[in-house]
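One structure below.
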There are 2 protein chains.
Amino acid sequence: MLRRNFLSLSSRTTGVALAAGALAPRVWAAATKSKPLGVALVGLGNYSTRQLAKAFNETTECRLTGVVSGDPVKAKRWAAEHGFAESGVYNYENFDSIANNPDIDIVYIVLPNSMHLEFIERAAAAGKQVICEKPMTVTGAESRRAIKACEDAGVLLSVGYRLQFDPNYRALMLARGTPELGAVRYVQADMAFPIGDPTQWRLRKPLAGGGAMYDVGVYCTQSARFFAGQEPVAVTAQEYKTDPVKFAEVDETIMFQLEFPNGTTANCTTSYAFRSNSVHVDYQKGVGTLSPAHSYGPIAGTLNNKELAPREFSQQALQMDDFARCVRAGVESEVSGLEGLKDMLVVDAIYRSIAAGSKRTLVEPV
Amino acid sequence: MLRRNFLSLSSRTTGVALAAGALAPRVWAAATKSKPLGVALVGLGNYSTRQLAKAFNETTECRLTGVVSGDPVKAKRWAAEHGFAESGVYNYENFDSIANNPDIDIVYIVLPNSMHLEFIERAAAAGKQVICEKPMTVTGAESRRAIKACEDAGVLLSVGYRLQFDPNYRALMLARGTPELGAVRYVQADMAFPIGDPTQWRLRKPLAGGGAMYDVGVYCTQSARFFAGQEPVAVTAQEYKTDPVKFAEVDETIMFQLEFPNGTTANCTTSYAFRSNSVHVDYQKGVGTLSPAHSYGPIAGTLNNKELAPREFSQQALQMDDFARCVRAGVESEVSGLEGLKDMLVVDAIYRSIAAGSKRTLVEPV
C-alpha cells in the first residue's frame, strides 16, 4: 500500500480531514491557520495561462511559488506578475533541483500527455507532491509506473480532475442511491469540440498519445464511472474520421459503450470535429442532466426536473485547495493516481476494441 | 414507379399541394372546401384510445368514420361516442368488405407490429389509402412487400410518423444547410422508457418482432436520418440485457452508431429499461437540442442557443390531415412507405451488427 513521508510537511499539517463516505462529499475543517502550500506549474501553455494562473486568485490553501518552463523570459515574467521569488523558476534541465526548494510543496504537471510519466517520476524523486493534468499518462501501464514512483517516494499523486469539485457536477453523483432517485441505470456522456490550429501538439501522436479520446474523451470515461459509481467490465468502441490529413496521427471521433457489473450501461461520444458537451443520468426514479457538463463553468443542468443553480467559481481553485488539504492531512485525493489509472485502463480497452472491431473486456486488475 | 387510381376520390380532390423543396415544410392551400375524408382505425388499443381518438377533435381534413376491432361491444361504443354509423364497424374477419364502404377513404393500422404487413395488404386490396403505425413492418423485406401491395392497388401508403409534423422537431431539420447553421456533423438521439406490464404484446417476439428497438428505437433511426438528411451507409450496434426473464423474447437495450456518406455520424440509444428522450444536433455553426424530443408533445429545446417556443397541439391531427391532403392531391406523403422501408433497412442492419458483434454496411439498395 501507499507509504508516505510527511516529515517535511509535519510543521504545517494542521488541517483535519473528516471521514468521507463513498457517496458523501469530502468535508474539510473550514479554517486552516497554516501557511498556504507552494505550487510550481510545469509548463506554461494555455491551460496554465488561462485557467490555473487565475485560479490562484481564489485558492486559500495553496499559492503559486514556482514555474518550470523552457522560456526563461516568460518564466521570470510569471515570477514578477505572480509575486514569487526567481529562485522558483526552473527549466526542464534543472527541474530536479526543485528538491531543494522549501517554498515548493506541490508540482503541477501541465505538459503534453506523453511527457507526464517522466515528470511525475522526476517530481516524485524530488520529494514533491504531484498533481498531473489529465490524461494522467498515455497508457494504463504508464499509469501503474506513475503510481509506483509516487508510492516509492512517499508522495501523493492526483490528477487534474476539476469537475469532481464542482457542486453541480457532483450533485448528480450524490443523488445516486438516495431514496428520492435510487440506483443509476444509464449514463450518456459527450464531450466534443472542433479543434483549431492543425499544427498544435494535441494532433501529434508522439506528444499527445492520441486525439480527442485523450484530450476530452477522458471526461466521458470520468463521467460514466463517476455517475455509475462502478468500474466497467466491458467496452465497445468505434472510430470515425472525416479529415485524414488533419487527423493523420490521432483519432478525430470516438464513440464508446461501457457495461458495469450491476447492468448499468453508458454511451459516450468524443470528437475533435463537432460540438457536444452533455451528461444524462437515468436513475430508477428520475433523471439528471448537465449541459454544459464538462466546461470550466458554470455547469448547468437539472436533477429530478429541478434546475441546478448556476454557480461561478474556479473549479481549479477548489481542486488545488482540496489536494493541499489532502497533503496536509496525509490522505489520498478523491482524484488520486488510482482514478487516473482506472480511466487509462478504460482508454486502453477502447483502443483495443477499435482495433478488434468488437467488444473487449476489461480484464486487467486495477 | 407508383401507379395510382384516384378515380374514387376525384370528386373530392380540390386541395392543392404547393411545390415543396426538400428542406421546406410542405405548405398546403389553407382552406379545403371538401368534405373531410373518412378514416377507419384498425385496432383499438392504447394508442387509438388515448391519442388518435382525441386527435380527430383537431383534424379538419379527415374524420373518424370506422373502426376495426375484435370486440364488437367496444367497437359499437366507439361508433356511438364518435358519431359514425355502425356500418363503419368491422372485425378482423369481415375487414375486407370495407372495400364497399364509401365513407371510409383511409385505413389507419394500429395493430401489433407483426400484423402490419397483412393489414396493409388487405387494406390496399380493398382500395383504401393506408396509414400504418411504426414500425411499418418487422423487416425490410416485409416493407418492400407492403410498398408493392399499395403500388399495385394504386393507393398511397404512409407511416404514423407524427414528429415530422411538429414544428419544433422540424425546426432542427430546417436549420440544416442554412447560412446561420450550416451542415449537420453529428446527431445524438435517445428514446427509452421503463416498460411496465410484463404480459403485454410488446414483449412477445411473435407479435412485436423485437423489443425497444422496434417500438421506440425507430424514433432514433428517424431522428438520425431526418436531421442528417441522408441515408446511413454503415452501422454498429450493441445489445444489453439486465432482465433476461422479462426480456426473454425481445431486446431490452440497444445502442447504435450510424455513418452517413458525407461523414456525419450519429450515436443513439433505445431501451425498455431506463428513461432517455433527447436529440442533439451539431451543425457547423451551432447546436440544436430537443428534450423531450420524441414525446407526443410539447417538444421543447433550443436552436443556436435560442429556446424553441413550446407549442401544444395534436401531432397526430397534423399528421392525419397532411395525409388526407396528400390523398386528395395525389402526392406521396413525406412519411411515405419508402420512409418506413428506409428505417427498417437500418433496423435490419442493427440486428445484423448485434449478431455479428461488429460493423455492418447497409448494402441493400432502397
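The values are calculated or read from the model by the stated rules, or taken from the named source; none is laboratory data. The structure presented is a predicted model; accordingly, all values stated were derived computationally and were not measured. Glycine gets a Cβ as well: all are built from the backbone with ideal geometry, and neighbour counts include every protein chain shown.
Data table
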item	result
Pairs, first farther than 17 Å from A:Val346 by Cβ and within 8 Å of chain B (Cβ to nearest Cβ) in region A:259-284, second of a type in the set (Asp, Glu) and not in a loop (DSSP other than H, G, I, E, B), C-beta under 8 Å, six or more apart	A:Phe274/B:Asp282; A:Arg275/B:Asp282; A:Ser276/A:Asp190; A:Ser276/B:Asp282; A:Ser278/A:Asp190; A:His280/B:Asp190
Selection count, region B:309-366, where residues are on the phi > 0 side of the Ramachandran plot and either of a type in the set (Ser, Thr, Tyr) or within 14 Å of chain A (Cβ to nearest Cβ) (or both)	1
Selection status of B:Leu163, at pLDDT 95 or above and touching a Leu at 6+ places or on another chain (Cβ under 9 Å)	no
Matching residues in region A:274-287 - criterion: being more than 21 Å from A:Phe227 (Cβ to Cβ) and either among the acidic types (Asp, Glu) or surrounded by fewer than 24 Cβ atoms within 10 Å (Cβ to Cβ) (or both)	A:Arg275
Among (1) among the β-branched types (Val, Ile, Thr); (2) within 26 Å of A:Val235 (Cβ to Cβ); (3) touching a residue at least 24 places away in the same chain (Cβ under 8 Å), the one test that A:Val327 misses	(2)
Pair list, Cβ under 7 Å, 6 or more apart: region B:216-245 residue surrounded by fewer than 24 Cβ atoms within 10 Å (Cβ to Cβ), other residue of a type in the set (Ser, Thr, Tyr) and at pLDDT below 95	B:Val233/B:Thr361; B:Ala234/B:Thr361
Region B:293-310, residues that are hydroxyl-bearing (Ser, Thr, Tyr) and within 22 Å of B:Val216 (Cα to Cα)	B:Ser295, B:Tyr296
Flag for A:Thr49 being out of contact with any Leu (no Cβ under 9 Å at 6 or more places or on another chain) and β-branched (Val, Ile, Thr)	yes
Count of residues meeting criterion [under 16 Å from the mean Cα position of the chain (by Cα) and under 20 Å from B:Asp152 (Cβ atoms)] in region B:88-114	3
Boolean, B:Ala234 is within 14 Å of chain A (Cβ to nearest Cβ), within 20 Å of the chain's Cα centre (by Cα) and not polar (S, T, N, Q)	no
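Conditions tested, residue by residue: (1) surrounded by fewer than 20 Cβ atoms within 10 Å (Cβ to Cβ); (2) over 17 Å from the mean Cα position of the chain (by Cα).
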position: B:Asp166; (1), (2): no, no
position: B:Glu180; (1), (2): yes, yes
position: B:Ala189; (1), (2): no, no
position: B:Asp197; (1), (2): yes, yes
position: B:Leu203; (1), (2): no, yes
position: B:Pro206; (1), (2): yes, yes
